[in-house]
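Below is one structure, written out as structure tokens; comments come after it.
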Amino acid sequence: MQRIFSGVQPTGNLHLGNYLGAIRNWVRLQDDYECIFCVVDLHAITAWQDPPQLRASTREVAAAMIAAGVDPKKHIVFNQSQVSAHAELAWIFNCVARMGWLSRMTQFKEKAGKNRENASVGLFAYPNLMAADILAYKGTHVPVGEDQKQHLELARDIAQKFNNDFGVDFFPIVEPVITGEATRVMSLRDGSNKMSKSDPSEYSRINMVDDADEIARKIRKAKTDPEALPDSKEGFEGRPEAANLMAIYAALSDESVDDVLSRFGGEQFSTFKQHLSDLAVATLSPIQDEMRRLIAAPDYVDDVLRDGAERARAISRPIIHDVHEIIGFLQSPNA
Ligand code: TRP
């Protein structure tokens, strides 16, 4: 069976973009793949995280996965730091990947900004850890958004170089999984920027913990333009905010943009926003209710993560053992 690995960072403000862009797609992969879904807390600390907040966010992300319909019995849900294979293999990949490869990563350049001297070494090596996440399980497929494609490419390069250097055919060359029309949810204030947990404006995003009133208010205040809705997709040219609201509607209702436009083409945005807000509340509230229930009594979530980590260890342990053998590390046979 083909094996999926994917991860979400527990860095607070889990929002609609995380849900429509990642978690919801994971739910749909469960029938076709063996899935390992990870709350990547080791990745989170490449930037400063407040410890109590990190703990809460880890539970929040896990709760969102479960509430959205990921089955933690059939598949594996766990947090990265509970399985040492990630950090161990990441170190080995630090010694496989080249400085030049990592220097070309656009996400590092963006996140480090002008102040590179002050970025953590972890932020620079971040893609090596991501490669380790996937390859510690010999993952074959990774569902990724546009912004992670370069990192996935790097994981392929690392697997290839490792195989070449040691003359083995050990690590698989991972493939991206495209799940239908990828939904790239943009900021509600600026249609050319991705919806982001770090945007200072609360009105830029719909958080998974927002209640019905907040969702309605944010959609009402979302930036648009004075034009009515067009009759076809082409009519969104140069109208990124309008296109974004439409993309969100289509994703939530699981329709194509053209199907939605066949109903709403020619309408004013004020009317459309009302429909969008009703749809968002109706679609999200069952998930949000379940999330709140899970977060209020975190023992269940903690048990899921612990059990998932144990099963993840059972898969990664023999793989790490083989890696050590290939590299030439002495080891006790049963470690
Ligand atoms: N880097 C990914 C992100 O920020 C999260 C992630 C970590 C990931 N490890 C992964 C995604 C492995 C896919 C596979 O979105």
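Ranked highest first by the average count of other Cβ atoms within 10 Å around their residues, in what order do 296-303, 115-122, 42-49, 280-287 fall?
In decreasing order of mean packing, 296-303, 115-122, 42-49, 280-287 become 42-49, 280-287, 296-303, 115-122.
Taking the alpha-carbon centroid of each part, what is the distance from the range 251-272 to the range 280-335 in angstrom?
Centre-to-centre distance over Cα atoms comes out at 39 Å.
Once each part is reduced to its C-alpha centroid, what is the distance from the range 18-34 to the range 80-135 in angstrom?
The distance from the Cα centre of the range 18-34 to that of the range 80-135 comes to 25 Å.
Kirkwood hydrodynamic radius (Cα pairs, Å) of the chain?
21.2 Å
Give the relative contact order (percent, whole number) for the range 1-153; include only Cα pairs under 8 Å separated by 6+ residues.
Relative contact order for the range 1-153 comes out at 34 percent.
Only four residue types carry charge here, +1 at the Cβ of Lys and Arg and -1 at the Cβ of Asp and Glu. Report the dipole size of the chain about the Cα centre in Debye, rounded to the nearest 20.
760 debye
Counting only helical runs of four or more DSSP H residues, what would the 222 nm mean residue ellipticity of the chain come to if each run contributes -39,500 (n - 2.57) and the total is spread over all its residues?
Calculated at 222 nm, the ellipticity per residue is -16500 deg cm²/dmol.
Can you pull the one-decimal nm distance between simple spin-label points at Glu325 and Asn94, each 7 Å off the Cα toward Cβ?
My value for the distance between the label points is 2.6 nm.
Rounded if a/c is under 1.5, else prolate if a/b beats b/c, else oblate: with a ≥ b ≥ c from the C-alpha gyration tensor eigenvalues square-rooted, which is the range 202-333?
It is prolate, given that a/c is not under 1.5 and a/b is the larger ratio.
For Gly12, what charge total do you get from the other residues with a beta carbon under 13 Å from its beta carbon, if Lys and Arg give +1 and Asp and Glu give -1?
Result for the neighbourhood of Gly12: -1.
Figure the gain on full extension for Ala296 and Lys114 (residue separation times 0.36 nm, minus the Cα-Cα span) and round it to one decimal in nm.
Extending this stretch completely gives an extra 61.4 nm.
May I ask you to give the percent of accessible area on the chain that is carbon plus sulfur, with a probe radius of 1.4 Å?
That share works out to 50 percent.
At what distance in angstrom do the alpha carbon centres of the range 138-162 and the range 198-222 lie from each other?
Between the Cα centres of the range 138-162 and the range 198-222 lies a distance of 33 Å.
State, as an integer percentage, the relative contact order of the range 187-243 based on alpha-carbon contacts under 8 Å between residues 6 or more apart.
Relative contact order here is 39 percent.
At a threshold of 8 angstrom on Cα-Cα distance, excluding pairs fewer than six apart, so keeping six or more, what relative contact order does the chain reach in percent?
Computed over the chain, the figure is 23 percent.
With every protein chain kept in place and ligands, DNA and RNA left out, what is the accessible area per residue of the chain? Probe 1.4 Å, answer in Å².
Per residue, the chain has an accessible area of 48 Å².
Once you list every other residue whose beta carbon is under 15 Å from the beta carbon of Leu135, what net charge do they have if Lys and Arg are +1 and Asp and Glu are -1?
Taking every Cβ under 15 Å from that of Leu135, the sum is -3.
The values are calculated or read from the model by the stated rules, or taken from the named source; none is laboratory data. Everything quoted here is computed from the prediction, not taken from an experiment. When we count neighbours, we look across all protein chains shown, and the Cβ atoms used for this are built from the backbone with ideal geometry, even at glycine. Ligands, DNA and RNA are excluded from the accessible area calculation, which covers all protein heavy atoms including side chains. Shrake-Rupley method; radii C 1.70, N 1.55, O 1.52, S 1.80 Å.
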